[in-house]
Amino acid sequence: KLQFLYFIGGAKKKMKAKPTARKPARARHLNNSNNNNNNSNNNNNTGMSPKVKTALIALGAVAILLITSRSVYQPSPTHSDTGRLSMKKITKLPHDSTCFTQGLLHRNNELIESAGLYGESDIRRVDIKTGKILQKIPLNRGHFAEGITYLSDSDEVLQMTWKEKSGYLYGFRDNNEMYLKELIPALPKTTTGEHWGICTNLTHFFVTDGSANLHIWSRELQPVTTITVKGPDGKPIPRLNEVEFVSKHHGIPFILANVWYNTSILRIDPATGKAIDSFDLKGVYQMRTHHDVLNGIAHDEEADVFYITGKKWSKMFRYKVEL
């Protein structure tokens, strides 16, 4: 698993390297003079001088901070949830009806979209207004593309695969052109052994696998913990699919999640896994087959609007979410 670290090292927001701890100087022998008797007894009990003790305490504090910042999941406070969110449809936009949408991101007034199916999987840049594909990078024909998210900022994107347990890392040039940087040979295990949706709060990743679980990974792609998403009745909600982390909407962080074969979008508290409420989009789009399910959520933070679509939908919708 250590082989993943050099991928993360290329991100703009790098984790600080752990400083090399210096060996403390040996404790000096204390004289047994009557004038220094009290100090002598105290130091002999610990085997070190006060200066050494102070240095070790400081080093220990630094080590704890480093470990905490790299691996421990520290969720935001649980929602007080004083009201329900509502979704208001703003406009309808064109969308590639051949695209089996698996993930969606907003970047520089464009959309980054992950398209699935074996032999057809790719990642693409899409013009929002026209739906035109600006660029497409195909995956290995034996790979089924799944969710996408930013690695640490908007200059690197991580794309997962379904059952292949691998991922792709992409970068962007100054002209917005996307390019493949690395193939990640192995992603952390999940409950089902599959990888579906992924999103990030820029310190941790939240990953779905078709179950009711949200797997939380560190920025180094190491598993940290797992939380189960449950409804108001306390029952787990399975088949979680595409997810989008929302950090700047009324200052309340939450996760929006598609549920496979369901017309609703869940709003999830990332601290507890509680499904706070949901938005039913039934009737928004006339599906041609039962496979053309709702899937794909992208948040434009600057405009605070959401782009929503589905697998092989010919339309995409821009929504405003209001509290």
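The values are calculated or read from the model by the stated rules, or taken from the named source; none is laboratory data. Since we're looking at a predicted model, the values are computed, not measured. Glycine also receives a Cβ, built like all others from the backbone with ideal geometry; neighbour counts cover every protein chain displayed. All accessible areas refer to the heavy atoms of the entire protein, side chains included, with ligands and DNA or RNA removed. Shrake-Rupley method; radii C 1.70, N 1.55, O 1.52, S 1.80 Å.
When you check residue 180 against the structure, is it modelled with pLDDT under 95 and of a type in the set (A, V, I, L, M), yes or no? Criteria not met by residue 180.
Hey, can you tell me all the residues within the range 168-201 that are farther than 17 Å from residue 104 by Cβ and open to solvent by less than 30 Å² (accessible area, probe 1.4 Å)? Across the range 168-201, the qualifying residues are 169, 171, 184, 187, 188, 190, 193. Inside the range 137-177, can you point out the residues that are touching a Lys or Arg at 6+ places or on another chain (Cβ under 7 Å) and either part of a strand (DSSP E or B) or at pLDDT 95 or above (or both)? Correct list: 144, 169, 170, 171. If you go through the range 268-289 and keep only what is surrounded by 18 or more Cβ atoms within 10 Å (Cβ to Cβ) and at pLDDT 90 or above, you end up with 268, 269, 270, 273, 274, 275. Before we move on, is residue 221 in contact (Cβ under 8 Å) with a residue 12 or more places away in the chain and open to solvent by less than 10 Å² (accessible area, probe 1.4 Å)? It is true that residue 221 is in contact (Cβ under 8 Å) with a residue 12 or more places away in the chain and open to solvent by less than 10 Å² (accessible area, probe 1.4 Å). Contact map, the range 180-191: first residue in a loop (DSSP other than H, G, I, E, B), second residue charged (D, E, K, R), Cβ cut-off under 7 Å, separation 6 or more or different chains; pairs are 186/165; 187/165; 190/209; 191/209.
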